[in-house]
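Trainee: Before I ask anything, let me first share the structure, which is written out below as structure tokens.
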Amino acid sequence: MHELITKLYQLALSSHIVSTLLEPVHIVILALPIMTLLLAMIILTIQLRTRQTLSERNLISTYSFIWYLAAAYLLIILPLPTRSSVASLTTAEYNLQPFYFLTQLKALTPFELGGPQYLVSRLQI
């Protein structure tokens, strides 16, 4: 599974369109945990002073709601690619061959359809 993810990530990096859009994603990955933790500590401190106690459910729901708000905010304000990088992009490539994605998937993955015994052996853990 790790090899498949690595191959798909390398394929995405080779595409100029995806590589220009990955930079804001790296910003989110770095900024989101730090920002939400600091904001959650402030809000939970205020809640602790007013209620004198915090339940586990309250901690989890407050932190997850702050995480959701921060993720939504960062996805809205993320910088778009520069005009020069957008201008250098090629036009869209359309796949007009039916089921062509299956040949691409087969080239990227070691999956072999060798009958029911192969599927059963892959499903056993």
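The values are calculated or read from the model by the stated rules, or taken from the named source; none is laboratory data. In this text, all values refer to a predicted model and were calculated from it rather than measured experimentally. Ligands, DNA and RNA are excluded from the accessible area calculation, which covers all protein heavy atoms including side chains. Shrake-Rupley method; radii C 1.70, N 1.55, O 1.52, S 1.80 Å.
Trainee: So for Leu30, Leu59, what's the accessible-area order with a 1.4 Å probe, most first?
Mentor: In descending accessible area the options line up as Leu30, Leu59.
Trainee: Further, regarding this structure: Given a 1.4 angstrom probe, I'd like the percentage of the accessible area of the stretch 25-95 that is carbon and sulfur, rounded to a whole number.
Mentor: Whole-percent figure for carbon plus sulfur exposure: 70.
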